Each structure stands twice: as C-alpha cells, then as structure tokens.
Amino acid sequence: MYAVVTSGGKQYKVQEGEILRVEKIPGDVGSSITFDQVLMVADGDKVNIGQPVLDDALVEGHIVEQGKGKKIIVFKYKRRKRYRRKQGHRQQFTAIKIDSIKAKTAKAPKKAEPKAEAKKEVKKAAPKKVETKKAEAIVEAKKPEAGKVAVKKKEVKKPEAKPAAKKTATPKVRKTEAKPKAKKEDAQKAKAKKTAAKKTTAKKTETKKKAEDKTK
C-alpha cells in the first residue's frame, strides 16, 4: 500500500515504515505530523485518485531528525569586471517516518440516486404548466388582432380623399398665360437691339466716307 503526498510544493511517494526527507517543517523530534493533501492511495488493485485531493485519506508520521544537507558552493563571476563572489549553502530538511496510511471508502453516491429521480419527475411535470400558459397567451394575442385590422382599414381610407382635393387646374392656366407674354416681351427687346445696331453701323460708315472725301 502506498500514497502520493504533497509537502513544500513537491510530491512524494510514501509507504508505511519509510523515512522521508521533506523541506523543513517546524517541530521537535518525536512530534507527530499528518499530511492532509493526499493525491492518490493505492492498495493492490484498488486505486483511489483525488480531484485533486482525497478528502477521506490521511498519512500520519513523526519527526525523526531536523538537519541540513550537504554543502553547495554558489559562485558568481563576471569577466573583465573583477567581480567574484563565493558562497556556501546547506539546505535544511526534516526527516519523517511514516506510521500509517488511512484511506476511508465511503459509499455515499448510492443514497443520492433517489433524490435525482425525484428531481427528474418534478422537471417532467413542470412543462405541462408552461404549455397551458402558452395556450392562454396565444388566445389572448389573437383577440386584439381583429381590432387592429379594422383600425388599419380606416387609416388606409383616409389618405385616399386628400389627393383628390389638391388637384386644381387654376395654377396650370396661370402658368400657360404668363409664358406667351414673356415671349412677346423678349421678341420686342431683340428687335430693338437689332435696329439700334443697324443705326450705329450706318453712322460709322458715313463718318468713314466723309473722312475719305476730305483726304482726297
């Protein structure tokens, strides 16, 4: 039997009687520790996987050691800058011995089945009320349609009488009468201009003749 547990942002595979090294957990040697975040429990062929965590599973253990790991050298270097830094580091850890893996198997889903069936029956009965309401709404909607049609017919008849009243022959006659007068006036003006032009040309020719006779 084994389980998968999270601690310090990491996942560990755990078995009973195993000593596990974990990121430092505050506590004295001998104090008990429980892991609540169990991702998976496997017992032979039976495997329970959480989504993401199993609510009914616990892993219990006790602290065996509080210590530091091997020294690591941290060296920083930048070329042509005369920059060098050397530093050592020892990561702290907590050694835990696993005492037990507890996984409860609760068969609760079977009890929830009758409730689901009752909900389905309620949902099936509800559409009947909706259908009756829809039928009533359709009947009410059809009643005012007859009144609307009558109003539309009356509104259509009213604009037919208006264009007949507007048709009058008087403005057309006035326009036709005014046009010939304007044409006559334009013709008279054109004649006057022509006669004036002839007179000016005749005067010019006379003056030219007189001037030629004097030179001779």
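Brief remarks on what is shown
- D56 versus E23: modelled label distance in nm, points set 7 Å from Cα along the beta carbon direction: 3.1 nm
- Restricting attention to segment 2-103, the count of lysine pairs at 8 or more positions apart or across chains with alpha carbons under 20 Å apart stands at 19.
- In segment 8-96, the ratio of gyration radius to Kirkwood radius, Rg to Rh, stands at 1.19 when only Cα atoms are counted.
- Cβ-based charge dipole, segment 56-106, positive-most Cα from H89, Y77, L58: Y77
- Looking at segment 1-57, none of the chymotrypsin sites (Phe, Trp or Tyr not before Pro) sits in a DSSP loop with at most 13 other Cβ atoms within 10 Å of its own Cβ.
- Available extension along the chain between A42 and T207 is 45.6 nm, counting 0.36 nm per residue and deducting the alpha carbon span.
Where a number appears in this text, it was derived from the coordinates with a stated rule and is not lab data. Bear in mind the structure is a predicted one, so any value in this text is a computation, not a measurement. Here Cβ is always computed from backbone atoms with ideal geometry, including for glycine, and neighbour counts include all displayed protein chains.
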